[in-house]
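A.B. asks: Dumping the structure here so I can ask a few things about it.
The values are calculated or read from the model by the stated rules, or taken from the named source; none is laboratory data. Note that the structure is a prediction, hence the values are computed from the model and not measured. Cβ coordinates were reconstructed from backbone atoms using ideal geometry, including for glycine residues, and neighbour counts include every protein chain displayed. Heads up: the accessible areas ignore ligands, DNA and RNA and are worked out on the full protein's heavy atoms, side chains in. Shrake-Rupley method; radii C 1.70, N 1.55, O 1.52, S 1.80 Å.
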Number of protein chains: 4
Amino acid sequence: MGKGRLEAFSDGVIAVIITIMVLEMKVPHDADPAALAPLVPVFLSYVLSFVFVGIYWNNHHHMFHAVHRVNGATLWANLHLLFWLSLVPFVTGWMDENHFAPLTVAAYGFVLLGAACAYTILTRTLLSVHGGDSLLARALGKDLKGWISLVIYVAAIPLAFVHPWIACGLYVLVAAIWLLPDRRFEKLLAEKP
Amino acid sequence: MGKGRLEAFSDGVIAVIITIMVLEMKVPHDADPAALAPLVPVFLSYVLSFVFVGIYWNNHHHMFHAVHRVNGATLWANLHLLFWLSLVPFVTGWMDENHFAPLTVAAYGFVLLGAACAYTILTRTLLSVHGGDSLLARALGKDLKGWISLVIYVAAIPLAFVHPWIACGLYVLVAAIWLLPDRRFEKLLAEKP
Amino acid sequence: MGKGRLEAFSDGVIAVIITIMVLEMKVPHDADPAALAPLVPVFLSYVLSFVFVGIYWNNHHHMFHAVHRVNGATLWANLHLLFWLSLVPFVTGWMDENHFAPLTVAAYGFVLLGAACAYTILTRTLLSVHGGDSLLARALGKDLKGWISLVIYVAAIPLAFVHPWIACGLYVLVAAIWLLPDRRFEKLLAEKP
Amino acid sequence: MGKGRLEAFSDGVIAVIITIMVLEMKVPHDADPAALAPLVPVFLSYVLSFVFVGIYWNNHHHMFHAVHRVNGATLWANLHLLFWLSLVPFVTGWMDENHFAPLTVAAYGFVLLGAACAYTILTRTLLSVHGGDSLLARALGKDLKGWISLVIYVAAIPLAFVHPWIACGLYVLVAAIWLLPDRRFEKLLAEKP
């Protein structure tokens with residue numbers, strides 16, 4: 001089975017997710033700078049969620065470059081990932097609405113953790129189709145970044161109840177780890193004969 | 001006529017449908033766990049609708065692998081399917097808003113039944129283009145799962161008025177039938193010379 | 001310049017338009033059949049708008065089969081068409097909100113007229129690129145359906161002030177004219193060597 | 001790395017942005033012409049934003065015709081552009097809600113400036129991949145229109161506080177500069193052997 005339509009559908013869903021988040025930013029009813037003050041944290045959480053969804057799209061794009069075929073399990077593993085990403089606008093909105101209350105910040109981390117687990121499952125599904133000596137397997141390697149992210153999320157969720165900003169700082173850290181471009185696929189694809 | 005644009009348009013519509021459903025989940029105005037309690041059934045209905053729309057996308061994807069050409073009737077049969085799917089967010093929202101009242105659960109089943117009928121019509125339209133000995137016809141076979149689903153929906157709609165959970169249980173049963181991957185197309189496509 | 005991206009972008013915009021219209025159907029707060037009664041005209045206007053947008057997608061799809069290249073003018077003529085289509089959810093919602101008041105029904109017809117004019121302009125732009133003896137020109141022929149639709153819209157707008165249902169009947173008539181599949185392109189493409 | 005998926009994802013995001021702006025136009029609760037009067041500026045700002053987003057799509061489309069490969073930096077430069085474009089519906093809505101108050105008109109210009117800077121960065125990223133004697137470099141030339149737009153935006157933002165209509169006039173001027181089709185790419189692509 002070809003990968004074209006899976007890519008197209010994922011692009012569509014991620015495009016909608018990344019764009020409807022902006023609808024959570026309610027337009028202020030005043031036009032003075034003071035009206036913008038309460039929007040600052042809302043805006044920062046929008047930027048963070050935009051970056052996270054952007055990272056997933058980027059990694060998805062990179063990984064599927066090395067993918068040659070997909071099966072039924074891949075389709076569902078991919079839908080499972082899209083399911084968790086579709087919850088990002090909801091938890092972003094809940095966090096905004098309640099001024100980064102601990103529970104909402106933990107919920108945000110929980111959804112990020114869910115998406116990260118779903119991505120790992122998708123990776124395993126693809127590896128089982130392509131085999132351990134495939135380009136894909138070599139490109140993924142030990143997936144260090146992936147495992148570090150999972151560990152940080154698991155730590156951040158309880159730490160949100162100590163202080164929400166600790167958890168937020170950890171989320172920003174994960175984003176920073178991934179923003180540094182993942183050159184593994186680019187390197188290997190460049191070597192490709 | 002090629003099938004590429006029909007697939008792309010269907011992907012786009014289904015991507016929007018599956019994503020706007022999350023907008024029905026209103027962000028709670030509180031940040032304590034009690035605020036999440038009323039969201040549990042809303043969340044479960046979101047999961048169910050996500051799975052149903054995901055099943056349709058998966059089956060659409062599988063079926064169109066075996067499709068070689070489409071005609072004007074196919075385009076309209078496909079739009080007819082997308083029409084019923086576009087009502088899924090509406091009935092999901094109505095069911096949530098009224099705490100799974102019998103009428104709303106029956107309406108949910110009615111929309112699923114409409115989508116299932118539309119899918120069957122789409123199948124027939126494609127078969128009339130491809131002929132009875134095509135790869136498509138062999139892959140569909142007797143379409144047992146399709147007919148069982150139709151029967152269960154027809155039974156579930158009146159049973160919603162006996163008790164909504166009976167109908168909901170039957171909807172979950174249909175989803176479970178389809179979640180087990182439909183290997184018919186994969187098998188036949190693997191045999192393809 | 002290739003036509004692939006113009007098609008993909010149009011598919012995306014039309015997919016969003018056709019799907020967000022369902023957001024205009026507000027979920028009723030009651031679960032008895034009486035709560036659905038006020039939804040009947042809303043639902044019918046949704047069906048009508050869905051069919052109109054579906055017709056535009058279908059015709060766009062058919063026409064671009066016969067298109068070989070596009071230029072800058074085509075891109076803007078196409079965006080102009082998408083602009084008018086993007087107003088369909090707005091006028092549908094206005095008509096629903098005011099129970100098919102004459103002014104709103106006339107506005108609905110005005111937007112349909114705008115879209116029809118935009119489609120005609122797009123056709124002319126494409127013809128100027130392809131020449132009078134192209135497959136496209138032969139497929140379009142005298143574009144009788146197109147001109148009849150324009151005439152009906154121009155008549156329907158003032159008639160909405162006589163009685164809204166006259167105008168609505170005329171809109172349904174135009175939809176019916178187009179729902180009969182436009183076999184011109186299929187025929188000619190089948191002849192294509 | 002191929003450019004196909006970057007184009008598809010950008011098409012998806014821009015399609016959603018250009019369409020959800022219409023949701024900012026709230027349906028009037030009356031059906032007399034007076035109810036439409038307050039909608040006139042809202043409608044004009046919708047047209048302006050539609051044209052701006054359309055210009056970006058058009059230029060994106062033209063530029064990527066001359067692009068042969070993308071790298072990780074391109075993906076992020078492109079997401080950065082989409083980020084600024086995703087803010088257009090928000091600032092359009094804020095401007096409408098506050099009847100073109102100076103601060104909101106300045107904010108609108110700020111987002112346009114951000115998008116213009118992001119587009120310039122994207123251009124530089126692509127040039128660094130393709131080299132100074134590539135088709136892309138020759139097509140962009142000195143990018144006069146791009147620099148003039150930046151200058152006009154920088155002037156318009158403070159002038160919004162003198163009078164909002166001066167800034168709005170300048171935004172319309174920029175749109176007019178770009179609406180005249182950018183024939184650079186078309187010319188060079190026509191010459192392409």
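A.B. asks: Simple spin-label model, 7 Å along Cα-to-Cβ: A:Lys142 to C:Lys142 in nm?
C.D. replies: Placing both labels 7 Å along Cα→Cβ, they lie 7.8 nm apart.
A.B. asks: Treat each spin label as a single point 7 Å out from the Cα along the C-beta direction, and report the A:Ile166 to C:Arg124 distance in nm.
C.D. replies: 6.9 nm
A.B. asks: From the label point of C:Val40, set 7 Å from Cα along Cα→Cβ, how far away are the matching label points in the other copies, in nm, ordered shortest to longest?
C.D. replies: Spacings between copies for this position, smallest first, are 4.0, 4.0, 5.6 nm.
A.B. asks: To the nearest 10 Å², what's B:Leu180's accessible area with a 1.4 Å probe?
C.D. replies: 120 Å²
A.B. asks: Excluding ligands, DNA and RNA, what is the accessible area buried between chains B and A, summed over both sides, using a 1.4 Å probe, to the nearest 100 Å²?
C.D. replies: Looking at B and A, the buried total is near 2900 Å².
A.B. asks: Tally Lys and Arg at +1 and Asp and Glu at -1 over the other residues with C-beta under 13 Å from the C-beta of A:Val13: what net charge comes out?
C.D. replies: Residues near A:Val13 contribute -2 overall.
A.B. asks: While we're looking at this one, here's another question. If we hang a label 7 Å off Cα along the beta carbon direction at D:His130, how far is it from the matching labels on the other copies, in nm, shortest first?
C.D. replies: Output for D:His130: 2.9, 2.9, 4.1 nm, nearest copy listed first.
A.B. asks: Build a GNM of chain B with springs between Cα atoms under 10 Å: which of B:Ala106, B:Ala116, B:Ala37 gets the top mean-square fluctuation?
C.D. replies: Answer for the Gaussian network model of chain B: B:Ala37.
A.B. asks: Defining the label point at 7 Å along Cα→Cβ, can you sort the distances from B:Leu23 to the same site in each other copy, shortest first, in nm?
C.D. replies: 0.2, 0.2, 0.3
A.B. asks: Taking the Cα centre of the protein assembly as shown as origin and charging only Cβ (+1 Lys, Arg; -1 Asp, Glu), how large is the dipole, in debye to the nearest 20?
C.D. replies: Dipole size: approximately 2940 debye.
A.B. asks: In whole percent, and with a 1.4 Å probe on the protein chains, what portion of the accessible area of region D:20-95 is carbon and sulfur?
C.D. replies: Carbon plus sulfur share of accessible area: 72 percent.
A.B. asks: OK, next. Need one number for region D:1-85: average projected area of the convex hull over its C-alpha atoms, nm².
C.D. replies: Convex hull of Cα atoms, orientation-averaged projection: 6.2 nm².
A.B. asks: While we're on this one: Within chain C, how many Lys pairs that are eight or more residues apart, or on different chains, come under 28 Å at the alpha-carbon?
C.D. replies: Lysine pairs, 8 or more places apart or on different chains, close enough: 8.
A.B. asks: Just tell me how shielded B:32-44 is by partners: mean number of partner chain Cβ atoms within 10 Å of each residue's Cβ, no decimals.
C.D. replies: Mean shielding by partner chains, rounded to a whole number: 1.
A.B. asks: Going out from 0 in 20 Å bins, what whole percent of all Cα-Cα distances in the protein assembly as shown drops into each bin?
C.D. replies: 15, 51, 32, 2
A.B. asks: So what is the 222 nm mean residue ellipticity for chain B from helices alone, if each DSSP H run of at least 4 adds -39500 (n - 2.57) and you divide by all residues, rounding to the nearest 500 deg cm²/dmol?
C.D. replies: -26000 deg cm²/dmol
A.B. asks: By Kyte-Doolittle mean hydropathy of at least -1.0 and Cα axial length of at least 18 Å, which whole DSSP H helices of chain C are selected?
C.D. replies: TM-like helix candidates: C:4-20, C:39-65, C:72-86, C:102-130, C:144-162, C:164-179.
A.B. asks: Quick one: if you stick a label point 7 Å off each Cα along the C-beta vector at A:Val47 and B:Phe43, how many nm between them?
C.D. replies: 3.0 nm
A.B. asks: Net charge within 15 Å of B:Thr92 by Cβ-Cβ distance, Lys/Arg positive one each and Asp/Glu negative one each, not counting B:Thr92 itself?
C.D. replies: That works out to -1.
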